[in-house]
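Novice: Pasting a structure below so you can have a look.
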Amino acid sequence: MRHSAWTSPFPGGKSESTELPQSLNRSQTDKRDFVAEISCTPAIFSAKEREAGARRVSLLSLSPRGLLCRGSQEMDETVAEFFRRTILKIPITEMMTVLKAWDFLSENHLQTVNFRQRKESLVQDLVLLCEEKRASLNDAALLDIIYTQFHRHQKVWDVFQMSRRPGEDIDLFDMEQFKSSFKKILQRALKNVTVSFRDTEENAVWIRIAWGTQYRKPNQYKPVYVVYYSQTPYAFVASSLLKSNLPLLGQALTVASKHHQIVKMDLRSRYLDSLKAIVFKQYNQNFETHNSTTPLQERSLGLDINIVDSRIIHENRVEKERIQRVTQEIFGDYPQPRLEFAQYKLETKFKSDLNRGILAEREEPLRCLVKFSSPHLLEALKSLAPAGIADAPLSPLLTCIPNKGMNYFKIRDK
């Protein structure tokens, strides 16, 4: 049997060439086979050498296309780890769908992967495929954007509204020019920042920003996601956003989209499509849910007076019809945008006709915070009057949420 010379990477004083079996020199050696042959070849490596060199073996980056991938084929270790973590968080049931949407690995590449194996082994095989295709940091960032698009409900989205100067003309919008301008503004102001884009339907662009500092590389694991719809004054931001970076992000958005100023609206939710529907006044549509297997029973909160429990006696049918009419006038007959809460901060002085008592003499305003929470707050509010829990119509503070585009309210004395 022929042998080939190979220099041991293990410490222990053996720096001379060691003869390895031909099976270890083949061009299509599998990483697991290689490690197995090392572990069961005591004539070549002692137990001490195997233990001391285990970490070094893991850094050899073996792939099905050759023992050593050092050189032009090697992927940067930080990029490889970024790929590994990104792929690892994709559920197995969604893996193929996400990878096809990514469109970086071809069908032929995907067919060579065993998607039925353990997830850790699957992730390792996919990372090696990405390495073979010389995937870049931007490719990994694009995969992360696609994963986030599939799981957008895991983020909390804030809405920012931009405006132009009075009488300012609206210029023609070019998406490529927007991307270039946005990226240049951030990179000129901050040395270490990674910006990635992905165009989607409805003239929207998803932006992923990994922030660094003048002395630290961008943190790829705490990015900011921005969704901007072209030729609109609205941007949706899901953060791990440092307050120090907020002015820079606002400047990049306003300049690139050719606006003058930007403000944060008092509107927040996990459901991006619902936020978009509120600010764009697009209520008459079906809204996203985070778990399609257990959909919210929105229709069960309907207002049809004929669909009632036969055990319930309606003493005043006219009143029931009035409640139905008033509720439909306020909320409409379509599904409501999905919000999880509404918060009311009260700062008012106590008022009494008697003008006496401890509270009436208090100079400082009373401060109180009231928060309404529900998996689907607006549908829950819509059902209160028909269920007999509240009088109709409800308070305008509860029904004005979609029209005002707010779910954070501050109530003060005029």
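The values are calculated or read from the model by the stated rules, or taken from the named source; none is laboratory data. Note that the coordinates shown come from a computational prediction; the quantities given were computed from them, not determined experimentally. Here the Cβ positions follow ideal geometry from the backbone for every residue, glycine too, while neighbour counts run over all protein chains shown. Side chains included, ligands, DNA and RNA excluded: accessible areas come from the protein's heavy atoms. Shrake-Rupley method; radii C 1.70, N 1.55, O 1.52, S 1.80 Å.
Novice: Testing C368 on (1) at pLDDT 90 or above; (2) surrounded by 13 or more Cβ atoms within 10 Å (Cβ to Cβ); (3) in contact with a Phe, Trp or Tyr (Cβ under 9 Å, 6 or more places away or on another chain), one condition comes back false. Which one is that?
Specialist: (2)
Novice: Follow-up. If you check L172 against the conditions, is it surrounded by 13 or more Cβ atoms within 10 Å (Cβ to Cβ) and out of contact with any Cys (no Cβ under 6 Å at 6 or more places or on another chain)?
Specialist: No: the conditions fail for L172.
Novice: Of the conditions (1) farther than 30 Å from Y271 by Cβ; (2) open to solvent by 40 Å² or more (accessible area, probe 1.4 Å); (3) touching a Gly at 6+ places or on another chain (Cβ under 9 Å), L190 satisfies every one except a single condition; which number is it?
Specialist: Only one criterion in (1) farther than 30 Å from Y271 by Cβ; (2) open to solvent by 40 Å² or more (accessible area, probe 1.4 Å); (3) touching a Gly at 6+ places or on another chain (Cβ under 9 Å) is unmet by L190, namely (2).
Novice: Return yes when L99 is in a helix (DSSP H, G or I) and either among the hydroxyl-bearing types (S, T, Y) or under 18 Å from the mean Cα position of the chain (by Cα) (or both) and no when it is not.
Specialist: yes
Novice: Which residue is nearest to R270 (Cα to Cα), if the candidates are limited to the range 200-224 and must be small (G, A, S) and surrounded by fewer than 18 Cβ atoms within 10 Å (Cβ to Cβ)?
Specialist: The selected residue is A204.
Each row is one residue, and each column tells you yes or no for (1) of a type in the set (D, E); (2) touching a Pro at 6+ places or on another chain (Cβ under 8 Å); (3) over 30 Å from R165 (Cβ atoms).
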position: V193; (1), (2), (3): no, yes, no
position: W206; (1), (2), (3): no, no, no
position: Q251; (1), (2), (3): no, no, no
position: T254; (1), (2), (3): no, no, no
position: K264; (1), (2), (3): no, no, no
position: S274; (1), (2), (3): no, yes, yes
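Novice: Here is a follow-up. Might you check whether a residue that is modelled with pLDDT of 90 or more and in a helix (DSSP H, G or I) occurs anywhere in the range 189-207?
Specialist: Yes, the range 189-207 contains a residue that is modelled with pLDDT of 90 or more and in a helix (DSSP H, G or I).
Novice: Say we look at the range 110-156 and pick out the residues that are open to solvent by 40 Å² or more (accessible area, probe 1.4 Å) and among the aromatic types (F, W, Y); which of these is farthest from L272 (Cα to Cα)?
Specialist: F115
Novice: May I pose another question? So T86 ticks every box in (1) touching a residue at least 60 places away in the same chain (Cβ under 8 Å); (2) more than 23 Å from H151 (Cα to Cα); (3) open to solvent by less than 20 Å² (accessible area, probe 1.4 Å) but one. Which box is left unticked?
Specialist: That leaves (2) as the condition not met.
Novice: Which condition number does K345 fail, the rest of (1) modelled with pLDDT of 80 or more; (2) under 20 Å from A387 (Cα atoms) being met?
Specialist: If we test K345 against (1) modelled with pLDDT of 80 or more; (2) under 20 Å from A387 (Cα atoms), just (2) comes out false.
Novice: Mind checking whether some residue in the range 98-106 is at negative phi, modelled with pLDDT under 95 and either surrounded by fewer than 17 Cβ atoms within 10 Å (Cβ to Cβ) or touching a strand residue (DSSP E or B) at 6+ places or on another chain (Cβ under 7 Å) (or both)?
Specialist: yes
Novice: Please verify whether the range 287-294 includes one or more residues that are touching a Phe, Trp or Tyr at 6+ places or on another chain (Cβ under 9 Å), closer than 23 Å to G405 by Cα, modelled with pLDDT of 90 or more and not in a helix (DSSP H, G or I).
Specialist: no
Novice: If only one of V237, V263, V227, V159 is closer than 30 Å to S374 by Cα, exposed (fewer than 15 other Cβ atoms within 10 Å of the Cβ) and at pLDDT 95 or above, which one is it?
Specialist: Testing whether each residue is closer than 30 Å to S374 by Cα, exposed (fewer than 15 other Cβ atoms within 10 Å of the Cβ) and at pLDDT 95 or above leaves just V263.
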